[in-house]
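Step one of this worksheet: look at the structure below.
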């Protein structure tokens with residue numbers, strides 16, 4: 001895994017719907033417009049030469065807002081809302097009795113509605129060498145800000161969410177603003193959209209990346225981020241029960 005592989009790019013399609021709110025004990029809501037999905041692709045590339053880290057592949061695809069009826073784990077959402085910003089979390093979300101991967105972002109500043117209504121670019125990269133690997137996600141909101149996060153694949157929660165994304169062919173994205181607003185997106189992944197994660201799924205499921213190795217990768221990325229942007233703290237990562245949607249449920253219902 002020490003060599004650099006070519007970067008493949010492929011579009012994602014995201015469905016656009018209308019507004020909804022969290023219930024029963026949350027006042028979080030979102031308001032977005034309807035806009036036809038468009039496709040926009042970008043490539044991101046970064047070398048960590050002195051750390052022995054190499055990027056394998058990155059794919060950036062356009063994502064648009066969505067509003068179905070959703071269910072998440074209540075304790076997961078409670079901890080996520082209590083975490084210091086800017087932060088990011090992985091989880092699961094249920095729509096029509098079907099579970100999908102969830103990527104959630106809480107920036108320090110509110111993302112304006114005219115920005116979120118345009119959707120965003122989503123990218124992923126896999127960095128590593130013979131000793132370890134980390135996963136990089138990037139979220140670019142056009143004309144506003146780019147957010148980056150690194151996660152450790154040697155984590156049962158990460159392994160479960162990534163496997164769900166690959167198996168299901170889609171994922172949900174939540175952007176929770178400081179003003180208590182939440183914008184929700186859904187992206188349907190093409191066959192090549194997560195090709196690097198899919199190709200290395202067996203290795204990711206058996207990852208031995210240590211916390212020290214993970215922190216080293218985060219430190220070096222922070223010193224020279226690519227793409228340039230805000231680095232998010234990865235939170236809500238210690239409790240696998242946050243993936244349980246059978247009992248501790250929080251519903252997000254249409255407004």
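Read-outs: derived from the displayed coordinates by stated rules, not from any lab. Just so it is clear, the model here is predicted, and its values are computed rather than measured. Virtual Cβ from ideal backbone geometry, glycine too; neighbours counted across all protein chains shown.
Counting every other Cβ atom within 10 Å of each residue's Cβ, 134, 218 order from fewest to most as 218, 134.
For region 113-231, just say rounded, prolate or oblate: build the C-alpha gyration tensor, square-root its eigenvalues into a ≥ b ≥ c, call rounded for a/c under 1.5, and beyond that prolate if a/b exceeds b/c, oblate if not.
oblate
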